[in-house]
């Protein structure tokens, strides 16, 4: 960071911004990933932004811990889901154990097995939510250098998805 006037501004070499990294699938261009945890209907419960080179599984436990408590019922508010359904990118024994310690049943496809585990019947809900979010071009193409600003737009996009899903049909 270089000082200009009374603010710190990124230098030209830091053009990618924070929370970016070389994407392994896009010719090493800098990019970022959106990580979502949704309920069974596609309502976003927790989200985060990381660099494009970060492994997906590193965000599993932080996402589970970011789930807000469910209010409105008598007693202690529920903070964790019964089960987590995920794709092969989240298949690591360490994280399966951590989910079981939190009394969450992991339904994660095993790596190096043939396709057809049946999890696609539940995983499409997450992919649909990503499609809803990526209708907002500000989230599809990252223009912001600071990850805080991009994460704020992701939060706003999740709020818009919730609003559109939960409003009664007119």
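The values are calculated or read from the model by the stated rules, or taken from the named source; none is laboratory data. All figures in this text were calculated on a predicted structure; none of them were measured in a lab. All Cβ positions, even for glycine, are placed from backbone atoms using ideal geometry, and neighbour counts span all protein chains on display.
For (1) at pLDDT 70 or above; (2) surrounded by fewer than 15 Cβ atoms within 10 Å (Cβ to Cβ), each residue gets a yes or a no:
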position: 8; (1), (2): no, yes
position: 26; (1), (2): no, yes
position: 35; (1), (2): yes, no
position: 41; (1), (2): yes, yes
position: 51; (1), (2): yes, no
position: 68; (1), (2): yes, yes
Within region 111-143, the residues that are under 17 Å from the mean Cα position of the chain (by Cα), assigned to a loop (DSSP other than H, G, I, E, B) and either loosely packed, with under 10 Cβ neighbours inside 10 Å or at pLDDT 85 or above (or both) are 134, 135, 136, 141
Of the residues in region 40-70, those that are more than 22 Å from residue 161 (Cα to Cα) and either part of a loop (DSSP other than H, G, I, E, B) or out of contact with any helix residue (DSSP H, G or I) (no Cβ under 8 Å at 6 or more places or on another chain) (or both) come to 51, 52, 53, 54, 55, 58
Worksheet item: Does region 13-22 include one or more residues that are under 12 Å from the mean Cα position of the chain (by Cα), surrounded by 13 or more Cβ atoms within 10 Å (Cβ to Cβ) and either in a loop (DSSP other than H, G, I, E, B) or at pLDDT 65 or above (or both)?
Response: no
Log entry, pairs with first residue in region 107-135 being closer than 21 Å to residue 81 by Cβ, second being in a helix (DSSP H, G or I) and at pLDDT below 85, beta carbons closer than 8 Å, six or more apart or on different chains, reads 107/122; 108/88; 108/90; 109/88; 110/88
